[in-house]
Amino acid sequence: MAKESSATFAAKIDPNLEERLQAKLANTGITVDQWLATQVENFLATGTQESEPYLRAVVDATPECIKVIDTDGTIVQINAAGLIMVESESIPEVCGTSVYRFIAPEFHEAFRQYHEKICRGEKAVLEFDMIGKNGACRHTEAQGVPFAGPDGKLRNLSLIRDVTSRKEAEEVQRRTTETLAELIKQSPLGIYVVDSDFRVSLVSRGALPAFRNVHPLIGRDFEEIMHTLWPESFASEAVSIFRHTLKTGEPYVSPGLTEKRKDISSIESYEWQVIRVTLADGRYGAVCYYFDVTRLQAAKLALQESEERFRMLAENMNQLAWTCEQLGEVNWYNQRWHDYTGMSFAELKEWGWKKLHHPDHIDRVEERICQCRERGEIWEDTFPLRGKDGKYRWFLSRAQPIRDEQGHIVRWFGTNTDVTELRETQQLLRDADRRKDEFLATLAHELRNPLAPIRTGLEVMKMAKDNPETLEKVRNTMERQTGQLISLVDDLLNVSRITRGKLELRKSRILLAEIIESAVEATRSCIDEKEHELSIVMPGEAIHLNADPNRMVQIVSNLLNNAAKYTPNGGDITLKAERHDGEVLISVEDNGIGIPPPMLDQIFEMFAQIDRPQEKGYSGLGIGLALVKSLVEKHDGTIEVHSDGSNRGSVFRVRLPVHPEEKSVEATDPNLDRIAVSAKKRKVLVVDDNEEAATMLAIEVELLGNEVRIASDGKEAIHIAAEQQPDVILMDLGMPNMNGFEAARHIRNQPWGKAVRLVALTGWGQEDDRRKTEEAGFDYHLVKPADSAALRSLLNK
Amino acid sequence: MSLSRILVVDDNSSSVEIMSMFFELEGYEVETAGNGQEGVEKVQKFQPGLVFMDLQMPVKDGYEAAREIRTLPLGEQPFLIALSGWEIEKVKDDILEAGFDRILNKPAAPEQLREILNEF
């Protein structure tokens with residue numbers, strides 16, 4: 001045998017042998033190889049040389065079994081470790097017996113081949129199970145070399161190592177690796193492993209969908225895979241992260257990723273991390289764990305979007321808006337809140353809004369809020385909130401709970417809608433409605449007062465039909481009361497016209513004195529009834545106005561009536577007209593109950609009287625002065641009132657422009673300044689199909705010193721007029737046979753009819769009729785029932 | 001007092017005048033007053049059995065006058081009849097509370113007046 005094979009052999013016997021021998025030979029100058037060669041040679045050559053006991057000791061000290069087996073399978077020599085392996089305590093018990101008794105039967109054939117191969121002079125290796133004397137089984141690994149025995153035949157020197165524990169460990173390792181691999185493969189989570197060659201070696205079930213477009217997957221280059229799945233930039237970044245972790249062991253945790261896939265062009269979101277592990281092959285690998293958060297991310301985005309939409313809505317709505325987690329504890333306000341209150345969120349947050357509430361309301365508001373919060377009910381309330389200007393405005397406020405799928409309230413969304421104007425309008429409407437009701441009640445009252453004596457008067461007339469004196473008295477009184485009713489109705493109609501904007505003035509050049517005369521005439525009975533003293537002061541010159549005579553009379557008579565009404569019996573009333581350059585000042589002064597200062601401002605307002613804490617015992621519709629003011633203003637004039645207070649009387653002053661053609665230094669006509677103008681006897685024709693009305697009017701006209709005839713329709717009128725040639729025709733419009741319009745047109749076409757004064761008897765409120773009558777040729781209108789003053793003034797023209 | 005004497009109190013002189021005529025024609029002795037104050041005075045002097053009184057009057061209104069009349073140390077109290085231009089339902093309570101016995105809505109029908117005359 002060659003020397004070098006000895007050293008190899010020794011090393012094979014015991015890896016530590018060389019070391020031990022080195023220690024032993026330390027000071028001898030002999031190398032381990034030299035010593036071993038010598039010993040082996042001696043051992044083999046002699047068997048019983050002096051060195052054998054020592055070698056024996058060395059061999060026995062070896063932890064592996066060393067056996068020498070003869071060609072026929074007989075064990076020739078065995079060391080101590082070998083004895084232990086076969087569970088024997090003495091060499092004689094083992095040496096000289098067949099080796100096969102210690103070999104598991106299933107390995108007999110394999111061992112035979114191994115043995116024969118060695119005995120033919122070859123080296124051989126075999127793994128087999130060795131059975132001890134007592135049946136213990138060991139898995140062993142044998143390495144055998146041939147060497148010649150004393151008889152020259154080749155024997156088998158086998159070094160047998162017990163590898164049972166190594167085998168078991170290997171098995172455990174294998175199973176562990178398999179189990180782990182299985183665990184990973186079956187995991188629903190995203191896990192995959194990249195080995196040290198940067199190839200994908202393991203992919204979890206959960207990770208397969210992400211790699212669904214990679215075939216094959218296992219063993220594929222990771223870089224290639226990444227570039228298949230992801231856009232260039234992310235693929236490169238990920239690859240470098242994996243490489244870094246693999247190299248340094250530094251774990252990586254992603255901040256979250258949302259990317260568009262390259263292979264399927266859908267957007268996916270992941271959270272992932274990479275760590276380094278040692279794989280089954282003992283080399284490093286990189287494991288990536290990841291979660292697919294695509295849906296979570298989409299939900300988050302949707303939530304964000306919905307939140308943004310909400311903000312957008314809440315910031316752009318007209319209302320103040322806010323949110324709470326718990327109703328009352330506000331955690332957000334829209335900008336309008338801050339704009340309205342001028343306060344910051346810090347000042348208003350949670351219950352901070354309470355400081356904006358009016359002390360009269362806050363307790364109720366808070367109580368309702370707490371109630372709704374407990375019950376989870378919609379909250380609604382209306383209350384004032386203080387703005388940054390310190391003023392309160394009213395808000396209709398509402399909050400609704402927003403619930404999750406389980407029905408739990410997650411937050412409240414509330415709004416405050418400014419209803420100040422709405423409330424004001426409602427209040428105005430309520431006031432207007434109340435005024436209307438009061439007005440109607442007052443109207444009824446005002447109508448009933450003059451009706452009472454009229455009704456009783458009729459009865460008295462029946463009872464006193466034989467007493468002309470009483471009859472005359474009653475008739476006069478009833479006439480006065482009728483006059484009052486008529487003026488009330490006139491006022492009402494005028495007010496109605498004014499409010500509808502339908503009042504038209506029929507202006508002409510009129511004499512102020514005539515107006516005053518008519519007005520005094522109309523109010524005389526009222527003044528007399530209360531035994532007032534009326535003084536009239538007129539200027540020494542004739543004053544003309546460009547005005548509507550009927551309206552002017554109304555202005556003055558209303559003021560006179562007012563004075564008579566609000567002055568206790570036996571008072572003094574002064575009516576004065578003065579000229580001041582281009583205007584005339586008409587004043588009506590009394591020493592009556594006066595006007596308290598707070599009332600002065602509103603006395604001309606419509607229905608002012610309604611709201612007045614009524615002066616004891618005085619009632620009225622409250623339209624007279626409002627009407628006067630409107631009529632004065634329509635004539636480009638002004639009106640003012642003055643009173644020193646309660647029971648100090650009052651004075652109303654009306655200023656009107658005089659007629660523009662009027663010269664202030666015009667010669668004075670003394671006749672014009674007198675009130676009653678002597679009447680010239682005229683021929684008058686009265687036309688009316690209402691026989692009674694015609695007769696009444698005819699009598700009145702006759703009493704004024706005129707010559708009168710009567711016709712009952714248009715045809716008859718034409719006939720009589722042709723014969724009578726009247727100066728004035730007073731004609732009703734609606735009549736049978738021929739109406740007033742037709743008759744007027746016909747008369748105007750007659751030679752004698754051109755100069756006739758044609759007066760239409762019309763109802764009030766028929767502006768359209770007025771136009772028609774004018775077209776038909778009428779000069780004037782007389783409103784039914786004809787007022788005697790107006791009648792007289794017409795006849796005297 | 002005497003049931004044949006009637007006092008009419010109203011600030012509307014036309015009313016007073018015609019009511020007086022009516023009652024006189026019915027055979028009563030009639031006195032008049034222009035306001036509540038005068039009315040109270042006339043009740044004392046004239047001792048009427050019936051008083052027809054308006055409510056809204058200057059100086060002293062009908063309510064006050066009625067209350068005052070009710071406190072007068074008269075041998076026998078007159079019957080007080082209120083004349084109201086307002087809707088009766090709305091003012092009834094105040095009127096009766098003031099001490100009136102009856103309420104008549106204006107314009108009162110002659111039959112109503114006669115009914116009252118017959119009643120008392």
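The values are calculated or read from the model by the stated rules, or taken from the named source; none is laboratory data. Please read all numbers here as calculations on a predicted model, not as lab measurements. Heads up, the Cβs are rebuilt from the backbone with ideal geometry, glycines too, and the neighbour counts pull from every protein chain shown.
Pairs, please: C-beta under 9 Å, at least 6 apart or cross-chain, first residue more than 7 Å from chain A (Cβ to nearest Cβ) and in segment B:50-61, second of a type in the set (A, V, I, L, M) and part of a loop (DSSP other than H, G, I, E, B)?
Between residues of segment B:50-61 that are more than 7 Å from chain A (Cβ to nearest Cβ) and residues that are of a type in the set (A, V, I, L, M) and part of a loop (DSSP other than H, G, I, E, B), the close pairs are B:F52/B:A108.
Output the number of residues of segment A:644-658 satisfying the condition of being assigned to a loop (DSSP other than H, G, I, E, B) and surrounded by 19 or more Cβ atoms within 10 Å (Cβ to Cβ). If you could, list the steps in order and put the result at the bottom.
Applying the first criterion (assigned to a loop (DSSP other than H, G, I, E, B)) to segment A:644-658 yields A:644-649, A:658.
Now drop any that are not surrounded by 19 or more Cβ atoms within 10 Å (Cβ to Cβ), which leaves A:649, A:658.
Summing the residues that are assigned to a loop (DSSP other than H, G, I, E, B) and surrounded by 19 or more Cβ atoms within 10 Å (Cβ to Cβ) in segment A:644-658 gives 2.
Of the conditions (1) buried (at least 18 other Cβ atoms within 10 Å of the Cβ); (2) more than 21 Å from A:K565 (Cα to Cα); (3) more than 9 Å from chain A (Cβ to nearest Cβ); (4) not aromatic (F, W, Y), B:E89 clears all except one; give me its number.
Answer for B:E89: the failing condition is (1).
Give segment B:92-106 a look and list any residue that's surrounded by fewer than 21 Cβ atoms within 10 Å (Cβ to Cβ) and at the interface with chain A (Cβ under 9 Å from one of its Cβ atoms), or say none.
Of everything in segment B:92-106, just one residue is surrounded by fewer than 21 Cβ atoms within 10 Å (Cβ to Cβ) and at the interface with chain A (Cβ under 9 Å from one of its Cβ atoms), namely B:N105.
Counting only residues that are under 12 Å from A:P231 (Cβ atoms) and in contact (Cβ under 8 Å) with a residue 40 or more places away in the chain, how many does segment A:243-267 have?
Qualifying residue count, segment A:243-267: 1.
Mind listing just one residue for me: the one in segment B:4-15 that is touching a Gly at 6+ places or on another chain (Cβ under 8 Å) and under 17 Å from B:K45 (Cβ atoms) and, of those, nearest to the other protein chains (Cβ to nearest Cβ)?
Looking only at segment B:4-15, we keep the residues that are touching a Gly at 6+ places or on another chain (Cβ under 8 Å), and these are B:4-7, B:9-11, B:13.
Narrowing the set further to residues that are under 17 Å from B:K45 (Cβ atoms) leaves B:4-7, B:9.
Details: B:S4: 18, B:R5: 19, B:I6: 13, B:L7: 16, B:V9: 12 Å.
Filtering segment B:4-15 for residues that are touching a Gly at 6+ places or on another chain (Cβ under 8 Å) and under 17 Å from B:K45 (Cβ atoms), the one nearest to the other protein chains (Cβ to nearest Cβ) comes out as B:V9.
Of all residues being buried (at least 20 other Cβ atoms within 10 Å of the Cβ) and closer than 28 Å to A:S557 by Cα in segment A:456-479, which is farthest from the other protein chains (Cβ to nearest Cβ)? Just the residue, please.
A:M478
Out of all the residues in segment A:420-429, is one or more within 30 Å of A:V489 (Cβ to Cβ) and in a helix (DSSP H, G or I)?
Step one: of segment A:420-429, the residues within 30 Å of A:V489 (Cβ to Cβ) are A:428-429.
Filter again for in a helix (DSSP H, G or I), leaving A:428-429.
Yes, segment A:420-429 contains at least one residue that is within 30 Å of A:V489 (Cβ to Cβ) and in a helix (DSSP H, G or I).
Limited to segment A:395-453, what total is found for residues that are closer than 23 Å to A:E329 by Cα, in contact (Cβ under 8 Å) with a residue 12 or more places away in the chain and of a type in the set (V, I, T)?
4
Which one is farthest from the chain's Cα centre (by Cα) among residues in segment A:309-337 that are of a type in the set (K, R) and outside the structural domain of A:K388 (by TED's automatic domain parsing)? Lay out the reasoning, then the answer.
Start the filter on segment A:309-337 by keeping residues that are of a type in the set (K, R), which leaves A:309, A:311, A:336.
Narrowing further to those that are outside the structural domain of A:K388 (by TED's automatic domain parsing): A:309, A:311.
Working: A:R309: 11, A:R311: 9 Å.
My answer is A:R309.
Do we have B:L83 as at negative phi and within 14 Å of chain A (Cβ to nearest Cβ) here? Spell out the reasoning first.
Details: at negative phi: yes; within 14 Å of chain A (Cβ to nearest Cβ): yes.
So B:L83 passes the test.
Restricting to segment A:74-88, and then to whatever is touching a helix residue (DSSP H, G or I) at 6+ places or on another chain (Cβ under 7 Å) and not hydrophobic (A, V, I, L, M, F, W, C), can you tell me which residue is surrounded by the fewest Cβ atoms within 10 Å (Cβ to Cβ)?
Our first condition is that a residue be touching a helix residue (DSSP H, G or I) at 6+ places or on another chain (Cβ under 7 Å); within segment A:74-88, this holds for A:75, A:78-80, A:83, A:86, A:88.
Adding the requirement that they be not hydrophobic (A, V, I, L, M, F, W, C) leaves A:79, A:88.
On the way: A:N79: 24, A:S88: 19.
Filtering segment A:74-88 for residues that are touching a helix residue (DSSP H, G or I) at 6+ places or on another chain (Cβ under 7 Å) and not hydrophobic (A, V, I, L, M, F, W, C), the one surrounded by the fewest Cβ atoms within 10 Å (Cβ to Cβ) comes out as A:S88.
Give me a count of the residues in segment A:493-524 that are buried (at least 18 other Cβ atoms within 10 Å of the Cβ) and assigned to a helix (DSSP H, G or I). Working first, answer last.
We begin by selecting, within segment A:493-524, every residue buried (at least 18 other Cβ atoms within 10 Å of the Cβ); these are A:494-495, A:498, A:503, A:510-523.
From what's left, assigned to a helix (DSSP H, G or I): A:494-495, A:498, A:512-523.
Qualifying residue count for the region: 15.
Quick one: which residue in B:V51, B:V91 is modelled with pLDDT of 95 or more, β-branched (V, I, T) and more than 23 Å from A:A464 (Cβ to Cβ)? Spell out how you get there, then give the answer.
On the way: B:V91 fails: modelled with pLDDT of 95 or more.
Selected residue: B:V51, the only one of B:V51, B:V91 that is modelled with pLDDT of 95 or more, β-branched (V, I, T) and more than 23 Å from A:A464 (Cβ to Cβ).
Within 13 Å of another protein chain (Cβ to nearest Cβ), under 46 Å from the mean Cα position of the chain (by Cα) and either under 30 Å from A:W379 (Cβ atoms) or not charged (D, E, K, R) (or both): does that describe A:L440?
Values: within 13 Å of another protein chain (Cβ to nearest Cβ): yes; under 46 Å from the mean Cα position of the chain (by Cα): yes; either under 30 Å from A:W379 (Cβ atoms) or not charged (D, E, K, R) (or both): yes.
The answer is yes for A:L440.
Please tell me if A:G219 is loosely packed, with under 12 Cβ neighbours inside 10 Å and either in contact with a strand residue (DSSP E or B) (Cβ under 7 Å, 6 or more places away or on another chain) or of a type in the set (A, V, I, L, M) (or both). I'd like the intermediate steps shown before the answer.
On the way: loosely packed, with under 12 Cβ neighbours inside 10 Å: yes; either in contact with a strand residue (DSSP E or B) (Cβ under 7 Å, 6 or more places away or on another chain) or of a type in the set (A, V, I, L, M) (or both): yes.
Criteria met by A:G219.
Looking at segment B:88-120 only, could you name the residues that are in contact (Cβ under 8 Å) with a residue 24 or more places away in the chain, assigned to a helix (DSSP H, G or I) and more than 14 Å from B:Y63 (Cβ to Cβ)?
If the condition is that a residue be in contact (Cβ under 8 Å) with a residue 24 or more places away in the chain, assigned to a helix (DSSP H, G or I) and more than 14 Å from B:Y63 (Cβ to Cβ), then B:P110, B:L113, B:R114, B:I116, B:L117 are the ones that fit.
Could you please find all residues in segment B:24-47 being buried (at least 24 other Cβ atoms within 10 Å of the Cβ) and more than 10 Å from chain A (Cβ to nearest Cβ)?
Residues satisfying the conditions are B:A33, B:G39, B:V43.
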